[in-house]
Amino acid sequence: MKPTLIVHGGAWRIAEETHPDHIYGTRAAAEAGWQILRQGGSALDAVEKAVSVMEDDPTFDAGIGSVLNSEGDIEMDAIIMDGRTLELGAVAAVRGIMHPIQLARLIVEDTEHSLLVGEGARRFAERKGMRLCAAAELTVGREVERFRRLQQTPDYHMVVDFTPDPKGTVGAAAVDMQGNVAAATSTGGTAFKLPGRVGDSPLVGSGAYADNLTGAASATGHGEKIMRVVLCKTATDALAHGMNAQQAADYAIKVMQDRVGGYGGLILVDHQGQIAFSYNTPHMAVAWVDDQGEIQARIQGE
Ligand code: ASP
């Protein structure tokens, strides 16, 4: 089986001056994941690595660079799923760690559980020897400025309009030489969210899904809408019903738009290695491995 991989760095109106950073960051993530796949490594390792690279990159709303909640704190969500066994690991509203996706992976490997939240997730990270950090280590000036701006906006929660609100949730979907698929997603969530708010990203089927019988998908966008249509599972189910990868991705985004008026994007790899992405926002940052084994990185919608 020819391995392949696609990653995303969020779907929204991406400010033009940040396009090079998004292209650089998604390309670096795709390259890191591709290196693993090319050498015969697993799809699970590849998506974890690709997402970790973007968590380290302050361009994106994941790990370093995460948005601040309404109390100026950072709470992150992440999920990883193995299409071979349907096992998944997820963390929600976790604070003070650099790589939520690595913690999600440890949940798959070392526990009987699937989802850990908040303080318990952080304590598990500590027990596993992960380095804990202060919110300040994850906080970038861009997000402090956004937080201050939003503090001045009365009734921000009432006027939330997803489209112009910059984000950068990250994700990856891959198939390896053995034909196993995997997906991963990581995010700081939405800006100025209420403490304790959990979006679609760590919810199985919404923020990601992976099944060797169909394919793997990762989503980004307005979490409260994505979860209502279980976006990634909607896309992989469409594969099961005979759509090709592009049709399935377009179909899932259309369901979200028509049924709940949601905005976002998703990436998809079917179990035969066909790649697709779809979005209904002004832009989406994506990078993938083409048929020649070269990385293509784009801000779609430019
Ligand atoms: N889906 C994420 C959330 O709602 C945000 C995003 O993708 O930008 O938490």
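Just so it is clear, none of the values below were taken in a lab; they were calculated from the coordinates. Quick caveat, the model's predicted, so the values are computed rather than measured. A quick note on method: Cβ atoms are made from the backbone with ideal geometry, for glycine too, and the neighbour counts reach across all protein chains shown.
By its C-alpha gyration tensor, with a ≥ b ≥ c as the square roots of the eigenvalues, how is the range 83-239 shaped: rounded for a/c under 1.5, else prolate for a/b larger than b/c, else oblate? Spell out each step's value before the answer.
On the way: a/c = 2.25, a/b = 1.31, b/c = 1.71.
Oblate, since a/c reaches 1.5 and b/c is not below a/b.
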**OP:** Provide the gained length on full extension for the span Arg13 to Gln257, in nm with one decimal, where the gain is 0.36 nm per separating residue minus the Cα-Cα distance.
**Re:** 86.2 nm
Subject >> the chain: calculated mean residue ellipticity at 222 nm from DSSP helix runs of at least 4, using -39500 (n - 2.57) >> reply: -10000 deg cm²/dmol
**OP:** Report the residue, chosen from Ala11, Ala125, Ala182, that carries the largest GNM mean-square fluctuation when the chain is represented by alpha-carbon nodes joined by springs under 10 Å.
**Re:** Ala125
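Work out how much length Glu137 to Glu109 would gain on full extension: take 0.36 nm times their residue separation and subtract the Cα-Cα distance, in nm to one decimal.
Extra length from Glu137 to Glu109 when fully extended: 7.4 nm.
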Subject >> Ranked packing of 18-26, 217-225, most packed first, by mean Cβ within 10 Å >> reply: 217-225, 18-26
Original post:
Which one of Asn244, Asn69, Asn180 has the biggest mean-square fluctuation once the chain is modelled by GNM with Cα springs under 10 Å?
Top reply: Asn244
**OP:** Between Asp291 and His241, with labels modelled 7 Å along Cα→Cβ, what's the label distance in nm to one decimal, could you check?
**Re:** 2.9 nm
Original post:
In terms of the Cα gyration tensor, with a ≥ b ≥ c the square roots of its eigenvalues, is the range 1-52 rounded because a/c is under 1.5, prolate because a/b exceeds b/c, or oblate?
Top reply: prolate
